[in-house]
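To start, the structure under review is shown below, and the notes come after it.
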Amino acid sequence: MDDNVFDAIQLVGDIISIRKKGKNSLNVKEVKITDKGFINLVTSVRELIESLISSNGSWKDNNNLYLMNIAKESVSIVKGYKYLSIDDKKRLIMLVIDKIIEKEIENSDMNQDIKIKLLTGIEEIVEPTIELAIRAVKGELNSKNSIGAIIGICLSAIFICTKKKSN
């Protein structure tokens, strides 16, 4: 293992440490999911969870506008961390989303089937959507209409995932 590996994102309890390594210094910014910059993402994730609960865990039947809102809010957050790599930006957002979901599951009485579908969808639908959105903003996708491409890919992923599970 390389001793020079730098872990820019660390989770300690409910605090996420975002570290920037300089030539002779280390700057650390600590954030919580309740901070002002994250509140819109928290709201979007909670709305997605409510939509999934009302659609009995079906990603196909829920309101996918919430997924687009999560992608939009994620991009808004990571724009402020230009020094982070794409993987670190995605990791930051996924830590926040995982923490929100953990708390929502802990405080709810949703049935086990919906919990499984929620967690599976976060891994198979939300995480790739966030990565695509971050890459599009960074200019890594070669499309004149990156946002349209992202929406198309996200909706395709939703329908593919739900189709596989129903067969």
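Every number in this text was worked out from the coordinates using simple rules, so none of it is lab data. Computed from a prediction, not measured in an experiment: that's the story for all the values here. Cβ coordinates were reconstructed from backbone atoms using ideal geometry, including for glycine residues, and neighbour counts include every protein chain displayed.
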Problem - aspartates and glutamates with Cα under 17 Å of LYS138, excluding same-chain neighbours fewer than 8 positions away - result: GLU73, ASP87, ASP88, GLU127
Practice task
With just the Cα atoms of the range 62-109, tell me how far they stretch along each of the three principal axes, in Å, largest first.
Solution key: 40, 22, 14
Exercise for the section: Can you tell me the FRET efficiency between LEU26 and GLU123 if r is taken as the Cβ-Cβ distance and R0 is 41 Å, rounded to the nearest 0.05? Expected result: 0.85
Handout entry: About the Cα centre, charge dipole magnitude for the range 28-141 (Lys/Arg +1, Asp/Glu -1 at Cβ), debye
Key = 560
Problem - Pair LYS79, GLU102: separation of 7 Å Cα→Cβ label points (nm) - result: 2.9
Problem - Set LYS36/LYS103; LYS23/LYS99; LYS29/LYS60; LYS23/LYS103; LYS20/LYS117 screened for pairs whose C-alpha atoms are more than 30 Å apart - result: LYS23/LYS99; LYS29/LYS60; LYS23/LYS103; LYS20/LYS117
Problem - Phi-based couplings in Hz for the range 11-21 (Karplus 6.51, -1.76, 1.60; Gly and Pro marked x) - result: 10, 10, x, 9, 10, 9, 9, 10, 10, 10, 9
Fill in the blank from the handout: Given 105-112, 37-44, the highest-first ranking by average Cβ count within 10 Å works out to 37-44, 105-112
